[in-house]
Amino acid sequence: MLTRFHSALAALLLSTSTLAAQDITLHSDIGPAEDAEVVDVSKYESKRDGSYIVGFSNVAVINSWTAQLVEEANYRASTLPQIERYIVTDANNDPSKQVSDVEDMLAQGADAIVINPANPVALVPVLERAYEDGVVVIVVTADANTDKVTAKIMADQVKFGTDGGEFLVDAMGGEGNVIALRGIAGLSVDDDRFNGAADVIGENPDMEIIAEEYASWSYDQARQACESLALAHPQIDGVWSSGGAMTQACVEVFNEFGRDLVPMTGEANNGFFRTWKENQDAGFDSIAPQNPTWAVGEGIALAVAILEGQEVYDYYAVTADPYTAADLDELYRPDLNDSYWVGSTLPEEKLQELFGN
Amino acid sequence: MSDTSQRPSFGGLTARFRLDARLYRQRGAALSALTFTIIFVVLAVSLPENFLTGRNFSNLLGQLPPLVIASLGQTFVLLGAGFDLSVGSVISLTSAILALDLHWSMTIPLALLAAVIVGLVNGWGVVKTGVHPIIMTLATSSIVQGLALTLLPVPGGVAPPPLVAMVQGDILGIPFGFFWVLAVGGIAIHLMHATRFGAHLYAVGANSDSARLSGLPDARIRIGTYVISATCAAIAGLYLTARLASSDPNVGSALGLDSVLGAALGGTLLSGGIGGPIGTFFGVGIIGLLNNGMNLAGISPFYQHVVKGTMLIISVSLFRRKELGL
């Protein structure tokens, strides 16, 4: 099982990293982005003493995905013996509080700051200041509009969209009507995902996105959105969704309306996997692009690697492939609840503690 | 002779009564200052290497001005027995207006003008149509937030360079934010304690009906508090936008309720008539020290919400409504 493999990998890291000379290995599902350059680690030589203060400035815990993200980050930090002190803050979605959080970390002498910024612009001044002061700054999962940071790890949200779009083209034979369930208007994550899907679908003249609705990635809003879309459009041949919980809702709406299930895109989440599996007999097929919860954890590992003087790159992209029906039996965890995000690096006992039924 | 000898003593009595009343109204500030001092000492003793550093104090002085300024405005509204939930949205609207494709010499006055209009509408709604302050300002808050998002759907823009220069920087290690607080705080204290408006506001807040019957311009004073609050919110919005060097249509959302918290922790009663701007400084100081101290101590960020809420309950329950009217 992949999860077992991951926990074995984590255990291996734990045992090997205690040997000071051992390099830190990053997750195999991230790799240097196209024009990534090697980080000039000589800049941080003065800090290199094998004992570091590392801060993670989190934007907010607003759903199960962000909750797991923080758990994975905390766990990854605990596996790195070079971290003398690990600081986590939560900005409650408030950019000005996040600036203060970072300032507080700098006041505590943080050697590295890992951050998922509240928005692309507000954190730029404080991050640039930290970078110029010689602090390792790693931006993860959400971008900041500056190059004055040490490194970035970004999930490719366009790929999330194209993965789903390609699946729909394939499953629908290149023709038919698609409805789109979107996240939150104005958020780049949602725009990137949708544009990725729309580009792929747009290449097929017989396919059309006939309607789109925003449902905040949430199950209950998506139920309403899917109900009204299903009532308004008698001919729906495929559903593109920006998130798994929304797909779950739409599958249920189709079932309640007695309509034949059509191909719908999902996400690598246990709740969605349950719905997928339960409806496989009814001919339901999907695809589950990944938006890894372990990305911030890897940011922390990358920060320590840089402080230790390892050769790493300044830009990593998440290259995780989407899961398909072939992965479903292996990855679905009936013993864990709907909130579990598949592809975790957390050890089994932690998973049971957090998500056990 | 006896008349003239009695007059000063009678006048002295009145003066003493006035002084007592003033002290009585401000007693929350004393308690607040005490709490502030205790938290300060605890942090200084327990976290000397992180808390008692120049960098940390300069951080705090840079972080707190928006909340101090917004809370000072809120203090006026609360003293007049009102409530202003639209503070956060006005801050966000200010930020959104600064991102408009106009020169800053246009956008800054425009933002302040917009705030004054919001304040007038709030005041008019509460005083003239009798809508409850929470409902009235909740409604305007929603409208103003919608406008902010219409003007600027996603964060962006570049803050006016002169404004950034007035916020990001320091004189001899004292961040510019301190001087913003000094300026707005000075005006607030002057308004409250050295003008007729301030004296009348206490009377109106303690008992609006009797104040009106004694011939005080009750409506004008209460509308005025909403205009002051909105203007303070706009100033806080200018500061925040410059601090973040960019605009964000949601930047004020957390500050709306925190401004009430700051005033309440400073001893201003939510039922009006008791409290004042001096206490608000300490109230906001308490919030700042708690956030900063818990960050420095590595306490889980979730507890910070729990502690803030608990502090509010304690502070409000220390002063009961029945003591009012003195």
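The values are calculated or read from the model by the stated rules, or taken from the named source; none is laboratory data. Treat the numbers as computed from the prediction; the structure is a model and nothing was measured. A quick note on method: Cβ atoms are made from the backbone with ideal geometry, for glycine too, and the neighbour counts reach across all protein chains shown. SASA here: full protein model, heavy atoms, side chains in, ligands and nucleic acids out. Shrake-Rupley method; radii C 1.70, N 1.55, O 1.52, S 1.80 Å.
Summary of packing: across the peptides A:175-182, B:135-142, the per-residue average of other C-beta atoms within 10 Å ranks them, highest first, as A:175-182, B:135-142. Against chain B, whose longest principal axis is taken from its Cα atoms, helix B:301-318 shows a tilt of about 10°. The residue among A:Ala268, A:Ala180, A:Gly161 whose Cα reaches farthest toward the positive pole of the charge dipole of the stretch A:157-278, with charges on the beta-carbon of Lys, Arg, Asp and Glu, is A:Ala268. Residue by residue, the stretch A:103-116 carries 3J(HN,Hα) couplings of 4, 4, 5, 5, 4, 8, x, 4, 7, 9, 10, 10, 9, 10 Hz when phi is fed to the Karplus relation 6.51 cos²θ - 1.76 cosθ + 1.60 (θ = phi - 60°); x denotes Gly or Pro. Taking every residue in B:293-303 and counting other chain Cβ atoms within 10 Å of its Cβ, the average works out to 4.
Evaluated at q = 0.09, 0.12, 0.13 Å⁻¹, the base-10 log of the normalised Debye intensity for chain A, with identical point scatterers placed on the Cα atoms, takes the values -0.51, -0.87, -1.00. Remark: the protein assembly as shown carries a charge dipole of roughly 5460 debye about the Cα centre, counting +1 on each Lys and Arg Cβ and -1 on each Asp and Glu Cβ. Here the contact order of the stretch A:157-278, divided by its residue count and restricted to Cα pairs under 8 Å and six or more residues apart, works out to 29 percent. Judged by the ratio a/c of the largest to the smallest principal axis of the C-alpha gyration tensor, the stretch A:125-234 counts as prolate, that ratio being 1.5 or greater while a/b is larger than b/c.
Within the stretch A:226-357, all pairs of alpha-carbon atoms sorted by distance into 5 Å bins from zero give the percentages 2, 9, 18, 18, 15, 12, 10, 7, 4, 3, 2, 1, 0. Shielding of peptide B:131-139 by partners, expressed as the average count of other chain Cβ atoms within 10 Å per residue Cβ, is 0. Computed with every protein chain present, the accessible area of A:Val59 is close to 20 Å² [probe 1.4 Å].
Taking 4.7 Å between C-beta atoms as the pairing limit, the protein assembly as shown has these partnerless cysteines: B:Cys232. In summary, the aspartates and glutamates within cross-link reach of A:Lys47, defined as a Cα separation below 20 angstrom excluding same-chain residues under 8 places away, comprise A:Asp23, A:Glu84, A:Glu103, A:Asp104, A:Asp111, A:Glu128, A:Glu132, A:Asp133, A:Glu308, A:Glu311, A:Asp314, B:Glu49.
Size of the dipole of the stretch A:157-278 about the Cα centre, Lys and Arg at +1 and Asp and Glu at -1 on the beta carbon, nothing else charged, in debye to 20?
Details: 7 positive and 21 negative charges, 80 e Å.
Dipole size: approximately 380 debye.
Per-residue counts of other Cβ atoms within 10 Å, averaged by peptide: what ranking do you get for A:27-34, B:95-102, A:94-101, highest first?
A:94-101, B:95-102, A:27-34
Express the relative contact order of chain A as a whole percentage, based on alpha carbon pairs under 8 Å and six or more residues apart in sequence.
Here the relative contact order equals 24 percent.
Estimated from helices alone, the mean residue ellipticity of chain B at 222 nm is -25000 deg cm²/dmol (sum of -39500 (n - 2.57) over DSSP H runs with n ≥ 4, per residue). The charge dipole of chain A, taken about the Cα centre with unit charges on the Cβ atoms of Lys, Arg (+1) and Asp, Glu (-1), comes to about 900 debye, rounded to the nearest 20.
Enter the per residue convex hull volume of chain B, computed from alpha-carbon coordinates, in Å³ rounded to the nearest integer. Working shown, then result.
Values: hull volume 52.5 nm³, N = 326.
So the per-residue Cα hull volume is 161 Å³.
Which whole-number percent is the relative contact order of the stretch B:62-318 (Cα, under 8 Å, 6+ apart)? Intermediate values should be presented prior to the final figure.
Details: 469 pairs, mean separation 97.4, N = 257.
The value is 38 percent.
With the cut-off at under 11 Å, measuring from each backbone N in the stretch A:106-132 to a point 7 Å along the Cα-to-Cβ line of B:Thr53 picks out A:106-111.
Along the axis of the charge dipole computed for the protein assembly as shown (Cβ charges of +1 for Lys and Arg, -1 for Asp and Glu, origin at the Cα centre), the listed residues B:Gly173, B:Asn295, B:Gly267 are led at the positive end by B:Gly267. Across the stretch B:106-117, computed HN-Hα scalar couplings (Karplus, 6.51 cos²θ - 1.76 cosθ + 1.60, θ = phi - 60°) run 9, 5, 5, x, 4, 5, 5, 4, 4, 5, 4, 5 Hz from first to last residue, x flagging Gly and Pro.
When the helices in chain A are scored as -39500 (n - 2.57) per DSSP H run of 4 or longer and the sum is shared across all residues, what 222 nm value do you end up with, to the nearest 500 deg cm²/dmol?
Helices in chain A give a 222 nm mean residue ellipticity of -13000 deg cm²/dmol.
Please list A:Lys47, A:Lys277 in order of solvent-accessible area, largest first, computed with a 1.4 Å probe with all protein chains present. All intermediate terms of the calculation are to be shown ahead of the outcome.
On the way: A:Lys47 50, A:Lys277 75 Å².
Largest to smallest exposure gives the sequence A:Lys277, A:Lys47.
Accessible area per residue was computed with a 1.4 Å probe on protein heavy atoms; A:Met154 scores about 20 Å². If you wrap the protein assembly as shown in the convex hull of its Cα atoms and look at it from every side, the mean projected area works out to 35.8 nm².
Per-residue mean of foreign Cβ neighbours for A:116-126 is 6 (Cβ atoms of other chains, 10 Å radius).
At the listed q of 0.21 Å⁻¹, the Debye profile of the stretch A:182-281, built from one uniform point per Cα, gives log10 I(q)/I(0) equal to -1.15.
Of all aspartates and glutamates in the structure, the ones whose alpha carbon falls short of 14 Å from that of A:Lys97, not counting any fewer than 8 places away in one chain, are B:Asp248, B:Asp258.
Computed on protein heavy atoms with a 1.4 Å probe, the accessible areas place A:Tyr44, A:Tyr86 in the order A:Tyr86, A:Tyr44, largest first. Note that the stretch A:23-178, at 37 °C in a medium of 0.692 mPa s, gets a Stokes-Einstein diffusion coefficient of 190 µm²/s from its Kirkwood radius over C-alpha pairs.
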